[in-house]
Amino acid sequence: MSDIDFDNVGFGTLAIHAGQEPDKLYGALATPIYQTSTFCFETVEEGTAKFGGQIPGFCYSRGGNPTTVALEKKIAMLEGGEACISTASGMGAVGGVMLGLLQAGDHVICGECVYGCTDVVLRTTLQKFGVEVTYADTTDLESVKVAIKENTKLIYFESLTNPTMELTDIAAISKLAHKNGVLVAVDNTFTPPPEVYPLKEGADIVLHSCTKYINGHGDVISGAIIGSTELITPIRKGVTSKICGTTPSPFNSFLILRGLQTMELRMARHCENGMAVAKYLESVPYVKKVYYPGLESHPQHEVAKTMMHENYGGIMSFELQEEINGMDGFEACKKVVNALKIASIAVSLGDPGTLVQHPASMTHANMSKEARAEAGIKEDLIRLSVGLENSKDIIEDFKQAFATLE
Ligand SMILES: Cc1ncc(COP(=O)(O)O)c(C=O)c1O
């Protein structure tokens, strides 16, 4: 199996074979769960050499574990990177990137709309350590250009923003950043491969909440940081698992290895269902606007066509009309969501089942109404993670939910 020419195989083959080899002890084909805190040495000399890195091997699972290493190799290859650090959560990856790449006196440019906890890291944690942050509209190159300063070290953004579904042209931003000696880190949680490949577009670091599509089964919290060995090594040595303890459990690594084996099939179905549901929602008179990069009405549809390789994913959001049969949009939105039978009301995304949530009262409830309006998050916006059910059934579920507005 180690003879596979991984440079010349497709995504599905990589997802199954990359990083995994039959277990050396018993030949187990599935990578075993090495559920152990520590590893024994035959001699003091062996321990000394393993601790010193003169011979390869494992010492203590906070710093490294065989199940997790298999996962790191697989994720690195799927994203087209040299190295990967697996973390206990997506926020572990966000923190690792920020603390690993930045120091006091540095300046970061951050996309205007990022995940709420990432926003806290930028607005609170980093400021405490003397790192300055400017927010810019990363869909507008000029707005990023004017934000670049002498001490700008990093441009950070999410490939597709949540819940407004704005898409950043990673290649254009990376070109601008590198001309100015600035690094680019992209949170690719919403558009994982085979949708968007940030490193191939020119970004330096890509990170994930593997909790979402990478694991894909809604039963794990995990994250990953991927990039060149040169950039990943200092993050690993100075911050993440060994030092700050962002270590994933071997059991979770095993579950993600298993989930990844079907990633190509899962993503194809998410994309197919996503497009079918987005087109249906666009045809519903109660719906004012659908935000989905696969629709021609999406403002960055042209960028999406090339950057997403025509795989537009399963995430979308939509707004209802301001007034529907005597109800305001917010009341109508609650009524529709409460009436859904197949879709579950839950945050998170990329699960096998369809998930629906109301950002104004859930994920973005800690923002003021004004701040939400500024970020384009309307009070009647609904976010949908279209799952792997039959699209006909998801659409029928929405039809019966909309019928409650009549
Ligand atoms: C875009 C994005 N990045 C990071 C995170 C954090 O990931 P986790 O919940 O795995 O810590 C999330 C969580 O929803 C997210 O949506």
## Note on the structure
Going residue by residue through the range 31-38, the Karplus relation 6.51 cos²θ - 1.76 cosθ + 1.60 with θ = phi - 60° gives ³J(HN,Hα) values, rounded to whole Hz and with x marking Gly or Pro, of 4, x, 8, 7, 7, 9, 6, 10
### Task
Work out the length of the dipole vector of the chain about its Cα centre, built from +1 on the beta-carbon of each Lys and Arg and -1 on the beta-carbon of each Asp and Glu, and round it to the nearest 20 debye.
760
### Message
Along the Cα→Cβ direction, 7 angstrom out, place labels at Ala30 and Ile4. What is the inter-label distance in nm?
### Response
1.7
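Hey, any idea what % of the chain's accessible area is carbon plus sulfur with a 1.4 Å probe?
Carbon plus sulfur share of accessible area: 54 percent.
For a Förster distance of 35 Å, can you work out the FRET efficiency between the beta-carbons of Ser283 and Lys200, rounded to the nearest 0.05? Display every interim value, and only then the final one.
Values: r = 35 Å, r/R0 = 1.00.
Result of the calculation: an efficiency of 0.50.
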### Query
Considering only Thr125, Ala49, Pro163, whose Cα is most displaced toward the positive end of the charge dipole of the range 8-260, charges sitting on Cβ of Lys, Arg (+1) and Asp, Glu (-1)?
Ala49
#### Entry: Computed magnitude of the charge dipole of the range 1-59 (debye, nearest 20; Cβ of K, R +1, Cβ of D, E -1)
200
### Query
Could you give the distance between the Cα centres of the range 243-277 and the range 70-110, to the whole Å?
17
### Query
Taking a ≥ b ≥ c as the square roots of the eigenvalues of the Cα gyration tensor of the range 8-260, is the shape rounded (a/c under 1.5), prolate (a/b larger than b/c) or oblate?
prolate
### Query
Which chymotrypsin sites (Phe, Trp or Tyr not before Pro) from the range 1-37 combine a DSSP loop assignment with at most 16 other Cβ atoms within 10 Å?
Tyr26
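Restricting to the range 8-260, what percent of DSSP beta bridges are antiparallel, rounded to 5?
Working: 12 of 29 bridges.
The antiparallel fraction comes to roughly 40 percent.
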### Summary
The set of residues whose placed amide H lies less than 5 Å from the amide H of Glu158, leaving out same-chain residues fewer than 5 positions away, is Gly111, Asp187
### Summary
With the charge dipole of the range 263-403 built from beta-carbon charges (+1 for Lys and Arg, -1 for Asp and Glu) about the Cα centre, the Cα from Leu281, Gly353, Leu320 projecting farthest to the positive end belongs to Gly353
### Query
Can you give the accessible area per residue of the chain, in Å², using a 1.4 Å probe?
44
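The values are calculated or read from the model by the stated rules, or taken from the named source; none is laboratory data. In this text the structure is predicted, and so the values were computed from the model without any measurement. Note that each Cβ is placed from the backbone with ideal geometry, even for glycine, and that neighbours are counted across all protein chains shown. The protein model used for the area step is the full one, side chains on, heavy atoms only, and it has no ligands, DNA or RNA in it. Shrake-Rupley method; radii C 1.70, N 1.55, O 1.52, S 1.80 Å.
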